[in-house]
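Structure record follows, encoded as C-alpha coordinates.
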Amino acid sequence: MAPINFQLHPAVNFNNKGFHNPARYERYLNHFRHRPLYPSFTIHPSSFQKYGLDIFGLITNLGWDSLFENRRFSQCPEAVRMFYASLKRGPGPSPASFTTVVYHHEILVTPALLAEILGLPCEGSSAATNDDLAEIRFDYGSALESLTHNIGRRFSNMLSAGRLADLFKVMHFFITRVLLPRSVSSSELAHPSDVWIMANARDRIPLNFSSLMFAHMIKFGDENYSGPLPFGPQITRFLYNLGIDLSDKIVVCDIREDLRTQHVLVRVDASVGRRKPVIRSGGEHTAVSANQLVYALLDAASVALDQKILSFKSEELLSLEYCKAQIELAKKAEPSSSHDEDGVSDYESPPEYEF
(Lines give C-alpha, C1' and ligand atoms only; values in the text may rest on other atoms or scores of the structure.)
Protein backbone atom coordinates (compact mmCIF):
# COMPACT_ATOMS: atom_id res chain seq x y z
CA MET A 1 0.00 0.00 0.00
CA ALA A 2 1.44 3.37 -0.97
CA PRO A 3 2.25 5.76 1.87
CA ILE A 4 -0.43 8.35 2.58
CA ASN A 5 0.43 11.96 1.78
CA PHE A 6 -1.87 14.17 3.86
CA GLN A 7 -1.21 17.15 1.58
CA LEU A 8 -3.14 15.39 -1.20
CA HIS A 9 -6.89 15.45 -1.60
CA PRO A 10 -8.62 13.05 0.88
CA ALA A 11 -10.28 11.21 -2.01
CA VAL A 12 -6.87 10.10 -3.16
CA ASN A 13 -5.91 8.77 0.28
CA PHE A 14 -9.09 6.79 1.01
CA ASN A 15 -9.45 4.28 -1.81
CA ASN A 16 -10.87 1.33 0.15
CA LYS A 17 -8.10 -0.91 -1.13
CA GLY A 18 -8.77 -4.56 -0.57
CA PHE A 19 -12.25 -4.23 0.96
CA HIS A 20 -15.79 -4.24 -0.38
CA ASN A 21 -17.07 -1.36 1.74
CA PRO A 22 -15.72 1.72 3.55
CA ALA A 23 -16.88 0.47 6.98
CA ARG A 24 -14.55 -2.51 6.94
CA TYR A 25 -11.70 -0.41 5.64
CA GLU A 26 -12.32 2.10 8.42
CA ARG A 27 -12.25 -0.72 10.97
CA TYR A 28 -8.95 -1.88 9.53
CA LEU A 29 -7.44 1.61 9.75
CA ASN A 30 -8.64 2.24 13.30
CA HIS A 31 -7.98 -1.10 14.97
CA PHE A 32 -5.75 -3.42 12.92
CA ARG A 33 -3.50 -1.49 10.57
CA HIS A 34 -0.65 -1.18 13.09
CA ARG A 35 -1.24 -4.29 15.17
CA PRO A 36 1.95 -6.34 15.67
CA LEU A 37 2.07 -9.94 14.56
CA TYR A 38 3.10 -12.71 16.92
CA PRO A 39 6.60 -14.05 16.12
CA SER A 40 7.45 -17.71 15.50
CA PHE A 41 9.75 -19.67 17.81
CA THR A 42 11.99 -22.44 16.53
CA ILE A 43 12.43 -24.17 19.90
CA HIS A 44 11.36 -27.82 19.60
CA PRO A 45 9.50 -29.64 22.39
CA SER A 46 11.87 -32.63 22.19
CA SER A 47 14.70 -30.45 23.54
CA PHE A 48 13.20 -30.73 27.03
CA GLN A 49 13.65 -34.50 27.10
CA LYS A 50 17.09 -34.19 28.69
CA TYR A 51 15.43 -32.65 31.74
CA GLY A 52 12.97 -35.53 32.01
CA LEU A 53 10.10 -33.53 30.51
CA ASP A 54 8.48 -35.42 27.62
CA ILE A 55 6.68 -32.45 26.06
CA PHE A 56 6.83 -33.93 22.58
CA GLY A 57 5.18 -37.09 23.94
CA LEU A 58 2.25 -35.01 25.20
CA ILE A 59 1.92 -33.28 21.84
CA THR A 60 2.06 -36.63 20.05
CA ASN A 61 -0.71 -37.91 22.35
CA LEU A 62 -2.91 -35.11 21.00
CA GLY A 63 -2.06 -36.07 17.41
CA TRP A 64 -0.32 -32.74 16.87
CA ASP A 65 3.26 -33.84 16.20
CA SER A 66 2.96 -32.83 12.52
CA LEU A 67 2.63 -29.18 13.61
CA PHE A 68 6.37 -29.16 14.33
CA GLU A 69 7.50 -30.56 11.00
CA ASN A 70 8.00 -27.10 9.53
CA ARG A 71 8.06 -23.98 11.71
CA ARG A 72 9.97 -21.84 9.22
CA PHE A 73 7.73 -19.86 6.90
CA SER A 74 7.18 -16.21 6.17
CA GLN A 75 4.18 -13.95 6.63
CA CYS A 76 2.56 -11.04 4.83
CA PRO A 77 1.65 -8.57 7.64
CA GLU A 78 -0.75 -6.46 5.57
CA ALA A 79 -2.77 -9.46 4.41
CA VAL A 80 -2.89 -10.94 7.92
CA ARG A 81 -4.15 -7.66 9.42
CA MET A 82 -6.80 -7.37 6.70
CA PHE A 83 -7.84 -10.97 7.38
CA TYR A 84 -8.55 -10.19 11.04
CA ALA A 85 -10.03 -6.75 10.37
CA SER A 86 -12.74 -8.14 8.10
CA LEU A 87 -13.74 -11.20 10.14
CA LYS A 88 -17.50 -11.50 10.41
CA ARG A 89 -18.76 -14.01 12.93
CA GLY A 90 -21.35 -16.61 12.13
CA PRO A 91 -24.58 -16.90 14.13
CA GLY A 92 -24.74 -18.21 17.71
CA PRO A 93 -22.22 -18.41 20.57
CA SER A 94 -20.09 -21.01 18.78
CA PRO A 95 -20.21 -20.16 15.08
CA ALA A 96 -19.37 -22.89 12.61
CA SER A 97 -17.94 -20.41 10.11
CA PHE A 98 -16.91 -16.82 9.52
CA THR A 99 -16.34 -14.74 6.43
CA THR A 100 -13.35 -12.56 5.72
CA VAL A 101 -12.39 -10.31 2.84
CA VAL A 102 -8.78 -9.92 1.71
CA TYR A 103 -7.94 -7.92 -1.41
CA HIS A 104 -11.60 -8.12 -2.53
CA HIS A 105 -11.68 -11.92 -2.13
CA GLU A 106 -14.52 -12.99 0.16
CA ILE A 107 -13.70 -16.25 1.93
CA LEU A 108 -15.98 -18.48 3.98
CA VAL A 109 -13.67 -19.96 6.63
CA THR A 110 -14.47 -23.15 8.55
CA PRO A 111 -12.35 -25.48 10.70
CA ALA A 112 -12.62 -28.10 7.95
CA LEU A 113 -11.29 -25.65 5.36
CA LEU A 114 -8.36 -24.70 7.61
CA ALA A 115 -7.55 -28.38 8.10
CA GLU A 116 -7.76 -29.10 4.37
CA ILE A 117 -5.73 -26.13 3.14
CA LEU A 118 -3.08 -26.17 5.88
CA GLY A 119 -2.96 -29.92 6.56
CA LEU A 120 -3.90 -29.43 10.22
CA PRO A 121 -4.69 -32.29 12.62
CA CYS A 122 -8.47 -32.70 12.75
CA GLU A 123 -9.01 -36.02 14.53
CA GLY A 124 -10.69 -36.16 17.94
CA SER A 125 -13.03 -33.88 19.85
CA SER A 126 -13.78 -30.51 18.26
CA ALA A 127 -14.62 -28.76 21.56
CA ALA A 128 -12.84 -25.42 21.49
CA THR A 129 -14.77 -22.73 23.37
CA ASN A 130 -15.98 -22.39 26.97
CA ASP A 131 -19.51 -23.10 25.75
CA ASP A 132 -18.33 -26.28 24.06
CA LEU A 133 -16.57 -27.42 27.25
CA ALA A 134 -19.67 -26.72 29.33
CA GLU A 135 -21.78 -28.70 26.87
CA ILE A 136 -19.61 -31.81 27.26
CA ARG A 137 -19.51 -31.24 31.05
CA PHE A 138 -15.76 -30.77 31.29
CA ASP A 139 -14.88 -30.34 34.99
CA TYR A 140 -12.32 -27.54 34.79
CA GLY A 141 -11.65 -27.35 38.54
CA SER A 142 -10.94 -31.06 38.97
CA ALA A 143 -8.83 -31.20 35.81
CA LEU A 144 -6.74 -28.20 36.92
CA GLU A 145 -6.13 -29.71 40.37
CA SER A 146 -4.99 -32.97 38.77
CA LEU A 147 -2.31 -31.08 36.82
CA THR A 148 -0.97 -29.02 39.72
CA HIS A 149 1.95 -29.68 42.03
CA ASN A 150 2.34 -28.41 45.59
CA ILE A 151 5.59 -26.44 45.69
CA GLY A 152 4.92 -24.94 49.12
CA ARG A 153 3.96 -21.58 47.68
CA ARG A 154 0.68 -19.71 47.84
CA PHE A 155 -0.72 -18.07 44.71
CA SER A 156 -3.04 -15.08 44.78
CA ASN A 157 -4.94 -16.53 41.81
CA MET A 158 -5.84 -20.20 41.90
CA LEU A 159 -5.87 -20.20 38.10
CA SER A 160 -2.17 -19.29 37.98
CA ALA A 161 -0.11 -21.46 35.63
CA GLY A 162 2.60 -21.40 38.33
CA ARG A 163 0.62 -24.05 40.22
CA LEU A 164 1.16 -26.60 37.46
CA ALA A 165 3.67 -29.44 37.71
CA ASP A 166 6.89 -28.81 35.74
CA LEU A 167 5.81 -30.98 32.81
CA PHE A 168 2.60 -29.03 32.38
CA LYS A 169 4.22 -25.65 33.02
CA VAL A 170 6.32 -26.21 29.91
CA MET A 171 3.37 -27.69 28.01
CA HIS A 172 1.37 -24.58 28.93
CA PHE A 173 4.23 -22.46 27.56
CA PHE A 174 3.99 -24.26 24.21
CA ILE A 175 0.21 -23.90 24.11
CA THR A 176 0.23 -20.16 24.83
CA ARG A 177 3.38 -19.14 22.89
CA VAL A 178 3.64 -21.57 19.97
CA LEU A 179 0.46 -23.55 19.29
CA LEU A 180 -2.29 -21.05 20.21
CA PRO A 181 -0.25 -17.89 20.92
CA ARG A 182 -1.59 -14.95 22.86
CA SER A 183 -0.15 -12.01 24.79
CA VAL A 184 2.42 -12.81 27.47
CA SER A 185 0.32 -11.23 30.24
CA SER A 186 -2.68 -13.38 29.31
CA SER A 187 -0.58 -16.53 29.29
CA GLU A 188 0.09 -16.35 33.03
CA LEU A 189 -3.27 -18.04 33.68
CA ALA A 190 -4.39 -21.57 32.86
CA HIS A 191 -7.58 -20.92 30.91
CA PRO A 192 -10.21 -23.66 30.52
CA SER A 193 -9.12 -24.45 26.96
CA ASP A 194 -5.49 -24.75 28.14
CA VAL A 195 -6.45 -27.21 30.87
CA TRP A 196 -8.67 -29.10 28.42
CA ILE A 197 -5.69 -29.55 26.08
CA MET A 198 -3.26 -30.60 28.84
CA ALA A 199 -5.67 -33.06 30.44
CA ASN A 200 -6.31 -34.74 27.08
CA ALA A 201 -2.58 -34.81 26.31
CA ARG A 202 -1.94 -36.59 29.60
CA ASP A 203 -4.76 -39.06 28.94
CA ARG A 204 -3.67 -39.74 25.33
CA ILE A 205 -6.86 -38.38 23.78
CA PRO A 206 -6.51 -36.70 20.34
CA LEU A 207 -8.01 -33.25 19.83
CA ASN A 208 -9.09 -31.43 16.68
CA PHE A 209 -6.47 -28.69 16.35
CA SER A 210 -8.24 -26.95 13.45
CA SER A 211 -11.27 -26.28 15.68
CA LEU A 212 -9.09 -24.75 18.40
CA MET A 213 -7.22 -22.62 15.86
CA PHE A 214 -10.53 -21.46 14.36
CA ALA A 215 -11.92 -20.42 17.79
CA HIS A 216 -8.64 -18.68 18.63
CA MET A 217 -8.78 -16.65 15.41
CA ILE A 218 -12.27 -15.42 16.22
CA LYS A 219 -11.07 -13.97 19.54
CA PHE A 220 -8.47 -11.86 17.79
CA GLY A 221 -10.96 -10.64 15.22
CA ASP A 222 -12.56 -8.67 18.08
CA GLU A 223 -11.24 -5.12 17.85
CA ASN A 224 -11.26 -4.87 21.67
CA TYR A 225 -8.97 -7.89 22.10
CA SER A 226 -5.45 -6.66 22.66
CA GLY A 227 -2.13 -8.28 21.90
CA PRO A 228 -0.24 -9.35 18.77
CA LEU A 229 -2.14 -11.14 16.03
CA PRO A 230 -1.41 -14.88 15.95
CA PHE A 231 -1.01 -17.35 13.06
CA GLY A 232 0.61 -14.87 10.67
CA PRO A 233 2.57 -17.50 8.72
CA GLN A 234 -0.38 -19.91 8.66
CA ILE A 235 -2.84 -17.27 7.43
CA THR A 236 -0.37 -16.15 4.76
CA ARG A 237 0.03 -19.73 3.55
CA PHE A 238 -3.75 -20.23 3.73
CA LEU A 239 -4.41 -17.22 1.49
CA TYR A 240 -1.65 -18.18 -0.91
CA ASN A 241 -2.94 -21.75 -1.23
CA LEU A 242 -6.41 -20.37 -1.99
CA GLY A 243 -4.92 -18.56 -4.98
CA ILE A 244 -4.79 -15.00 -3.61
CA ASP A 245 -1.90 -13.19 -5.26
CA LEU A 246 0.54 -11.83 -2.68
CA SER A 247 3.48 -11.52 -5.07
CA ASP A 248 3.60 -7.72 -4.91
CA LYS A 249 3.14 -7.54 -1.13
CA ILE A 250 5.79 -7.15 1.55
CA VAL A 251 6.60 -10.51 3.12
CA VAL A 252 8.68 -10.82 6.29
CA CYS A 253 10.23 -13.67 8.23
CA ASP A 254 9.97 -13.07 11.99
CA ILE A 255 11.47 -16.14 13.65
CA ARG A 256 13.04 -16.14 17.12
CA GLU A 257 15.88 -18.65 17.00
CA ASP A 258 17.71 -17.69 20.19
CA LEU A 259 15.24 -19.10 22.72
CA ARG A 260 16.72 -22.06 24.66
CA THR A 261 15.34 -24.72 26.95
CA GLN A 262 16.93 -23.05 29.99
CA HIS A 263 15.26 -19.74 29.14
CA VAL A 264 11.86 -21.43 29.13
CA LEU A 265 12.51 -23.41 32.34
CA VAL A 266 13.52 -20.24 34.17
CA ARG A 267 10.59 -18.31 32.68
CA VAL A 268 8.01 -20.83 33.92
CA ASP A 269 9.81 -21.27 37.28
CA ALA A 270 10.42 -25.00 36.80
CA SER A 271 12.29 -26.92 39.48
CA VAL A 272 14.61 -28.57 36.93
CA GLY A 273 17.41 -26.91 34.99
CA ARG A 274 17.43 -23.97 37.36
CA ARG A 275 20.08 -21.26 37.44
CA LYS A 276 22.09 -21.24 40.63
CA PRO A 277 22.43 -17.65 41.96
CA VAL A 278 25.74 -16.65 43.57
CA ILE A 279 26.99 -13.32 44.89
CA ARG A 280 29.88 -11.56 43.20
CA SER A 281 31.87 -8.73 44.75
CA GLY A 282 29.65 -5.71 45.28
CA GLY A 283 26.58 -7.88 45.85
CA GLU A 284 25.90 -8.51 42.15
CA HIS A 285 23.82 -11.60 41.45
CA THR A 286 24.81 -13.86 38.59
CA ALA A 287 24.05 -17.40 37.46
CA VAL A 288 26.56 -20.23 37.07
CA SER A 289 26.30 -23.94 36.42
CA ALA A 290 27.29 -26.78 38.73
CA ASN A 291 30.21 -27.54 36.39
CA GLN A 292 31.48 -23.98 36.71
CA LEU A 293 31.30 -24.18 40.51
CA VAL A 294 33.24 -27.47 40.54
CA TYR A 295 35.86 -26.00 38.26
CA ALA A 296 36.24 -22.94 40.48
CA LEU A 297 36.63 -25.11 43.60
CA LEU A 298 39.23 -27.28 41.90
CA ASP A 299 41.11 -24.21 40.80
CA ALA A 300 41.10 -22.81 44.33
CA ALA A 301 42.30 -26.15 45.74
CA SER A 302 45.15 -26.21 43.26
CA VAL A 303 46.30 -22.72 44.29
CA ALA A 304 46.07 -23.63 47.99
CA LEU A 305 48.20 -26.71 47.45
CA ASP A 306 50.79 -24.67 45.60
CA GLN A 307 51.11 -22.50 48.69
CA LYS A 308 51.21 -25.45 51.09
CA ILE A 309 53.82 -27.40 49.12
CA LEU A 310 56.40 -24.71 49.85
CA SER A 311 56.00 -25.08 53.60
CA PHE A 312 55.96 -28.89 53.87
CA LYS A 313 58.99 -31.12 54.59
CA SER A 314 60.58 -33.04 51.74
CA GLU A 315 59.16 -36.43 52.83
CA GLU A 316 55.61 -35.04 52.43
CA LEU A 317 56.26 -33.33 49.14
CA LEU A 318 55.66 -36.40 46.98
CA SER A 319 52.11 -36.99 48.28
CA LEU A 320 51.22 -33.31 47.86
CA GLU A 321 52.54 -33.29 44.32
CA TYR A 322 50.41 -36.38 43.63
CA CYS A 323 47.32 -34.60 44.99
CA LYS A 324 48.00 -31.59 42.82
CA ALA A 325 48.40 -33.80 39.73
CA GLN A 326 45.06 -35.46 40.45
CA ILE A 327 43.36 -32.05 40.76
CA GLU A 328 44.80 -30.93 37.43
CA LEU A 329 43.48 -34.12 35.81
CA ALA A 330 40.03 -33.44 37.29
CA LYS A 331 40.08 -29.87 35.99
CA LYS A 332 40.84 -31.12 32.49
CA ALA A 333 37.97 -33.59 32.71
CA GLU A 334 35.44 -30.95 33.81
CA PRO A 335 34.00 -28.64 31.14
CA SER A 336 34.80 -25.01 31.89
CA SER A 337 31.22 -23.92 31.26
CA SER A 338 27.76 -25.38 30.90
CA HIS A 339 26.72 -25.69 27.28
CA ASP A 340 23.82 -27.24 25.47
CA GLU A 341 24.44 -29.72 22.69
CA ASP A 342 24.17 -26.88 20.18
CA GLY A 343 27.07 -25.06 21.84
CA VAL A 344 25.02 -22.27 23.38
CA SER A 345 25.31 -21.78 27.11
CA ASP A 346 22.31 -22.84 29.17
CA TYR A 347 23.12 -20.10 31.65
CA GLU A 348 23.44 -17.08 29.40
CA SER A 349 21.08 -14.13 29.77
CA PRO A 350 17.59 -14.57 28.28
CA PRO A 351 16.65 -12.87 24.99
CA GLU A 352 15.77 -9.19 25.15
CA TYR A 353 12.08 -9.66 24.40
CA GLU A 354 9.07 -11.00 26.24
CA PHE A 355 8.39 -14.68 25.81
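The values are calculated or read from the model by the stated rules, or taken from the named source; none is laboratory data. Because the structure is a prediction, the values reported are computed rather than measured. Here the Cβ positions follow ideal geometry from the backbone for every residue, glycine too, while neighbour counts run over all protein chains shown. Calculation scope for accessible area: heavy atoms of the full protein, side chains included, ligands and nucleic acids excluded. Shrake-Rupley method; radii C 1.70, N 1.55, O 1.52, S 1.80 Å.
Spin-label point model (7 Å from Cα, Cβ direction): what's the ASN157 to GLU223 distance in nm?
So the two model labels end up 2.7 nm from each other.
Grab the Cα-Cα distance for GLU123 and SER74, subtract it from 0.36 nm times how many residues apart they are, and report the gain in nm with one decimal.
Roughly 14.9 nm would be gained on extension.
When you count, for each residue, the other Cβ atoms within 10 Å and take the mean per peptide, how do 181-188, 138-145 rank with the highest first?
The most tightly packed comes first, giving 181-188, 138-145.
Once fully extended, how much extra length lies between HIS34 and ASN150, figured as 0.36 nm per residue of separation less the alpha-carbon to alpha-carbon distance?
37.5 nm
Once the piece of chain linking SER183 and ASP269 is laid out straight, how much longer is it, given 0.36 nm per residue of separation minus the C-alpha distance between them?
Length gained between SER183 and ASP269: 29.1 nm.
Go from 0 up to the bin containing the longest alpha carbon distance in region 33-135, width 5 Å each, and give me the % of pairs per bin.
Pairs per bin, as whole percents: 2, 9, 13, 17, 19, 19, 12, 6, 2, 0, 0.
How much of the accessible area of region 159-284, probe 1.4 Å, is carbon plus sulfur, in whole percent?
Ligands and nucleic acids excluded, carbon and sulfur reach 51 percent.
Is there a quick way to get the dipole size of region 88-220? I mean about its Cα centre, with the Cβ of Lys and Arg at +1 and of Asp and Glu at -1; what is the value in debye to the nearest 20?
It works out to roughly 440 debye.
Compute the distribution of all C-alpha to C-alpha distances in region 186-242, in bins of 10 Å from 0, and list the percent of pairs in each, rounded to whole numbers.
18, 44, 31, 8
If you count, for each residue, the other Cβ atoms within 10 Å and average over each peptide, how do 103-113, 170-180, 257-267 line up from highest to lowest?
170-180, 257-267, 103-113
Go through 194-204, 24-34 and give me the packing order, highest mean Cβ count within 10 Å leading.
194-204, 24-34
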